[in-house]
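Colleague: Sharing a structure below in structure tokens format, with a few things to ask.
What follows is calculated from the coordinates using simple rules that are stated; it is not laboratory data. The model shown is predicted, which means the values in this text are computed figures rather than measured ones. Here the Cβ is made from the backbone with ideal geometry for all residues, glycine too, and neighbour counts use every protein chain on show.
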Amino acid sequence: MMHETMRWFGPGDPVSLQDLRQAGCAGVVTALHQVPVGHVWTIQDIQARKDLAEAAGLTWTVVESLPVSDDIKRWKDDCELHVRNYMESLHNLGACGIRVVTYNFMPVFDWLRTDTGYALPGGSLALRFERVAFIAFDLFMLRRPGAEKDYSKREIRLAEEWMQNHATAEQAVVFKSVLLGLPGSTGQFTPEKVLAELDAYGDIDRLTLQENLFRFLTRIIPAAEEAGIRMAIHPDDPPYAVFGLPRVVSTESDLQQIIDSVPSASNGFCYCTGSLGVRADNDLPGIIDRLGDHIHFLHLRNTTKDTEGNFFEAGHLDGDADMVTIVDRLLQLMARRKVDLHVRPDHGHQMLDDLHKTTYPGYSAIGRLKGLAELRGLQHGLAAKFV
Ligand code: DNO
């Protein structure tokens, strides 16, 4: 059976560990967001976080994320030091009994949306990505040098029209949403910072980024093996190049190449239906069938997309991903592999009392509780046939 968990951003998270416990979690997914990227996670800090979880009756089961620095992704500057620190953090996590570590290899940004408060018909709020608004941001708000060459004439015209048809306040929503700081921070990127970061990736194309990922894996997977840890790379969100930056964890073929780069039981991925599902060419159940042995963690959420590249986050059982088939296949996979994978709902809707609270975008309590309850019901209903 899947072990149900939720993400917790640490003591500053307005959603408490007790809230997660009441939601029905036995495990918690968390990270030491206070440690600067590239630094070592010490045993003392890891143990302190573990103790906090245990005091609330929960077990820290999965790290999300042990972040990979942009120096590593670019394989420049402090890269060597950061790789060594990463290995030391893995060693320390293993010593504290942590067995799964999630990370991503997206340059500069993590997930990107153009609206974190997209109103659904009933009044709850969802995260949304509107492609033309994103292009308008890139061309006319960020003013990224050379951005025009990444878009078609039609897209540029639509982005111009978008700017004309949207008031300053609507443009501000896009500006603020795209420039959200990394998950777990309340900060914002500034256009200046983003432009400088993008510039530092100037000479890095898709192939180089992929090579850098494989170099990183060659170094850290043996350390993960030694520490008894399974690494779960998180797919790109959205799963394609943005701001002219390559992304290399977007498709089944990308995942296959990652797995093949360093064959090891410790080298796997986080099966995130929300991220992978945004591409119509990703066959979600097929990925379980073909790459299931390398799935170490599950993010089950859903999106509704259109042919123009827009998507919003639907209810966990709604949207385009066929969650019934997916959970059914996952139950078969776990029975075959004789493992229980950890699962978490992701990006719940902001709804009911949470509409009046400030939480990390996508991480209010009630929407995730609803997502978790739906997944739990589905799993128990389907599991009945395995008894
Ligand atoms: C979104 C999450 C991602 C994920 C990282 C993993 O809410 O799924 O932020 O944690 O990409 O490194």
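Colleague: Run the quick spin-label model on residue 78 and residue 256: label points 7 Å from Cα toward the beta carbon, then report their separation in nm to one decimal.
Modeller: Result: 3.8 nm between the two label points.
Colleague: Here is a further query. Does region 81-174 come out rounded, prolate or oblate, given a ≥ b ≥ c as the square roots of the eigenvalues of its C-alpha gyration tensor, rounded meaning a/c under 1.5 and, failing that, prolate meaning a/b above b/c?
Modeller: Details: a/c = 3.82, a/b = 1.87, b/c = 2.05.
It comes out oblate by the Cα gyration axes.
Colleague: Quick one: what are the phi-derived ³J(HN,Hα) couplings along region 246-259, Karplus 6.51/-1.76/1.60 with θ = phi - 60°, whole Hz, x for glycine and proline?
Modeller: In residue order, the calculated couplings are x, 9, 10, 10, 10, 10, 4, 5, 4, 5, 4, 5, 5, 4 Hz.
Colleague: Given the pairs 50/73; 305/338; 153/193; 357/385, which are separated by over 31 angstrom at their Cα positions? Don't jump to the answer; show the numbers that get you there.
Modeller: Values: 50/73 29 Å; 305/338 34 Å; 153/193 28 Å; 357/385 41 Å.
Correct reply: 305/338; 357/385.
Colleague: Once you wrap a convex hull around the alpha carbon atoms of region 221-290, what is its projected area averaged over all directions, in nm²? Could you put the intermediate results ahead of the total?
Modeller: On the way: hull surface 20.4 nm².
That works out to 5.1 nm².
Colleague: Let me ask you something else. Expressed in nm to one decimal, what extension gain is obtained for the pair residue 353 and residue 211 from 0.36 nm per residue of sequence separation less their Cα-Cα distance?
Modeller: 46.4 nm
Colleague: Sticking with this one: Okay, which of region 308-333 sit inside 15 Å, backbone N to the point 7 Å along the Cα-Cβ direction of residue 281?
Modeller: Zone members listed by number: 309.
Colleague: Determine the relative contact order of region 154-249: mean sequence separation of Cα pairs under 8 Å and six or more apart, normalised by residue count, in whole percent.
Modeller: Values: 40 pairs, mean separation 19.5, N = 96.
Relative CO of region 154-249 lands at 20 percent.
Colleague: Can you give the charge dipole size of the chain about its Cα centre, rounded to the nearest 20 debye, using +1 on the beta carbon of Lys and Arg and -1 on the beta carbon of Asp and Glu?
Modeller: The dipole of the chain has a size of about 600 debye.
Colleague: Residues with amide H under 5 Å of residue 60's amide H, sequence separation 5 or more or different chain, H placed in the peptide plane at 1.01 Å from N; which?
Modeller: Here the answer is 28, since their amide H atoms fall under 5 Å of that of residue 60.
Colleague: Determine the equivalent ellipsoid of region 123-196 by diagonalising the alpha-carbon gyration tensor, then write out the semi-axes as square roots of 5 times the eigenvalues, largest first, rounded to whole Å. Present the calculation step by step, with values, prior to reporting the outcome.
Modeller: Working: eigenvalues 89, 58, 23 Å².
Working through the eigenvalues yields semi-axes of 21, 17, 11 Å.
Colleague: Between region 317-387 and region 118-155, how many Å separate their Cα centres?
Modeller: Cα centroid of region 317-387 versus Cα centroid of region 118-155: 28 Å apart.
Colleague: Which far-off residues, 5 or more places away or on another chain, put their amide H under 5 Å from the one on residue 100, with H placed in the peptide plane?
Modeller: Counting only residues 5 or more places away or on other chains, the set is 63, 230.
Colleague: Do you know the relative contact order of the chain, to the nearest whole percent, from alpha carbon pairs under 8 angstrom that are 6+ apart?
Modeller: Numbers: 704 pairs, mean separation 71.8, N = 387.
Dividing the mean separation by the residue count of the chain yields 19 percent.
Colleague: Okay, next question. Test of understanding: what is the full-extension gain from residue 188 to residue 96, defined as 0.36 nm times their sequence separation minus their Cα-Cα distance?
Modeller: Working: separation 92, 0.36 × 92 = 33.12 nm, distance 3.28 nm.
Gain on extension, residue 188 to residue 96, equals 29.8 nm.
Colleague: Mind listing the phi-derived Karplus ³J(HN,Hα) values for region 73-83, rounded to whole Hz, using 6.51, -1.76 and 1.60 with θ = phi - 60°, and x for any glycine or proline?
Modeller: My calculation for region 73-83 gives 4, 8, 6, 9, 6, 8, 3, 4, 4, 5, 5 Hz in order.
Colleague: Could you calculate the contour length gain from residue 39 to residue 336, that is, 0.36 nm times the residue separation minus the distance between their Cα atoms, to one decimal place in nm?
Modeller: Working: separation 297, 0.36 × 297 = 106.92 nm, distance 3.84 nm.
Net length gain for the segment: 103.1 nm.
Colleague: Here's another thing I want to ask about it. For the chain, what does the alpha-carbon gyration tensor say about shape, rounded, prolate or oblate, given a ≥ b ≥ c as the root eigenvalues, a/c under 1.5 as rounded, and a/b over b/c as prolate? Display every interim value, and only then the final one.
Modeller: Numbers: a/c = 1.43, a/b = 1.17, b/c = 1.22.
Rounded.
Colleague: Which ³J(HN,Hα) values in Hz, rounded to whole numbers, follow from the phi angles of region 226-231 under the Karplus curve 6.51 cos²θ - 1.76 cosθ + 1.60, where θ = phi - 60° and Gly and Pro get x?
Modeller: My calculation for region 226-231 gives 4, 7, x, 10, 9, 8 Hz in order.
Colleague: Which Rg and Dmax, in Å, describe the Cα atoms of region 10-104?
Modeller: Spelled out, the Cα radius of gyration and Dmax of region 10-104 are 14.2, 45 Å.
Colleague: Let me ask something else about it. Within the set of other residues whose C-beta is less than 13 Å from the C-beta of residue 343, count the net charge using Lys and Arg as +1 and Asp and Glu as -1.
Modeller: Details: positive: 7, 301, 344, 368, 376; negative: 4, 64, 340, 346, 374.
Neighbourhood net charge equals 0.
Colleague: How high is the relative contact order of region 233-378, given as a whole-number percent (alpha carbon pairs under 8 Å, six or more residues apart)? Write down the numbers at each step before the final one.
Modeller: Details: 225 pairs, mean separation 26.0, N = 146.
RCO, region 233-378: 18 percent.
Colleague: What number do you get for region 267-363 when its Cα radius of gyration is normalised by 2.2 N^0.38 Å, N = residues? It would help to have the intermediate numbers written out before the result.
Modeller: Working: Rg = 14.5 Å, N = 97, 2.2 N^0.38 = 12.5 Å.
Relative to the 2.2 N^0.38 Å estimate, region 267-363 comes out at 1.16.
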